[in-house]
Amino acid sequence: ADEMPDWEAMKKAERLENHQSRQLDGIARALPASTRAFKLQARAAKVGFDWSDASFVLDKIEEEIAELRAEMNETHSKDGQEAETGDLLFACVNLARKLGINPDKALRRTNEKFERRFSYIEDSLKAQNRALSDASLDEMEDLWGQAKRNGL
């Protein structure tokens with residue numbers, strides 16, 4: 001019986017052949033950012049650089065939210081806000097990885113849900129001969145709640 005190839009060993013040999021000696025070498029920069037974050041984290045986890053439990057990642061997410069809030073309220077630095085937003089997104093990808101969830105699949109699912117619910121708002125207003133621009137945020141949020149209650 002043929003044995004399955006050890007892909008990680010093959011990749012490690014390939015990295016050595018290409019003079020890539022660091023653990024994170026060889027992860028394509030052209031990947032979507034969330035996919036690359038997932039792969040960076042998984043590679044680091046292989047050598048023990050990982051949280052022991054997903055609940056610790058939730059703590060990290062809360063810490064990152066606090067840091068982002070401070071940037072928004074205190075310094076108002078767009079550069080700082082971008083950095084802290086990136087840290088928050090990276091931590092969220094890490095949580096998905098720890099839970100065994102593909103972050104891109106989870107986000108696609110949420111995108112589709114957002115589209116369904118937003119379309120419900122638009123269609124409901126259209127049935128009243130109204131445009132989105134004619135509705136208040138409160139009205140749109142009420143319709144969003146209806147969409148959610150309707151299982152959209």
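Tabulated data
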| read-out | value |
| --- | --- |
| Residue list for region 46-63, filter: closer than 13 Å to Leu95 by Cα and under 18 Å from the mean Cα position of the chain (by Cα) | Asp50, Trp51, Ala54, Ser55, Phe56, Val57, Leu58, Asp59, Lys60, Ile61, Glu62 |
| Members of region 129-149 that are open to solvent by 100 Å² or more (accessible area, probe 1.4 Å) and either of a type in the set (Gly, Ala, Ser) or not in a helix (DSSP H, G or I) (or both) | Asn129, Ser133 |
| Where a residue in region 137-151 is closer than 11 Å to Ser124 by Cβ and its partner, wherever it lies, is of a type in the set (Val, Ile, Thr) and open to solvent by less than 70 Å² (accessible area, probe 1.4 Å), with Cβ under 6 Å and at least six apart | Met140/Ile121; Leu143/Ile121 |
| Verdict on Glu74 being open to solvent by 100 Å² or more (accessible area, probe 1.4 Å) and modelled with pLDDT under 95 | yes |
| Qualifying residue in region 2-12 (condition: at pLDDT below 95 and open to solvent by less than 60 Å² (accessible area, probe 1.4 Å)) | yes |
| Unique match (being part of a helix (DSSP H, G or I), closer than 30 Å to Phe49 by Cβ and open to solvent by less than 100 Å² (accessible area, probe 1.4 Å)) among Arg97, Arg117, Arg108 | Arg97 |
| Residue match in region 64-72 (condition: without any contact (Cβ under 8 Å) to a residue 12 or more places away in the chain and under 19 Å from the mean Cα position of the chain (by Cα)) | yes |
| Selection status of Leu152, in a helix (DSSP H, G or I), in contact with a helix residue (DSSP H, G or I) (Cβ under 7 Å, 6 or more places away or on another chain) and open to solvent by less than 100 Å² (accessible area, probe 1.4 Å) | no |
| Scan of region 25-48 for residues that are open to solvent by 40 Å² or more (accessible area, probe 1.4 Å), under 22 Å from Arg108 (Cα atoms) and among the small types (Gly, Ala, Ser), ordered by number | Ala28, Ala30, Ala33 |
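The values are calculated or read from the model by the stated rules, or taken from the named source; none is laboratory data. None of the values given here were measured: they were computed from a predicted structure. Cβ: placed from backbone, ideal geometry, glycine included. Neighbour counts: every protein chain shown. Just the protein is used for accessible areas: all its heavy atoms, side chains included, with ligands, DNA and RNA removed. Shrake-Rupley method; radii C 1.70, N 1.55, O 1.52, S 1.80 Å.
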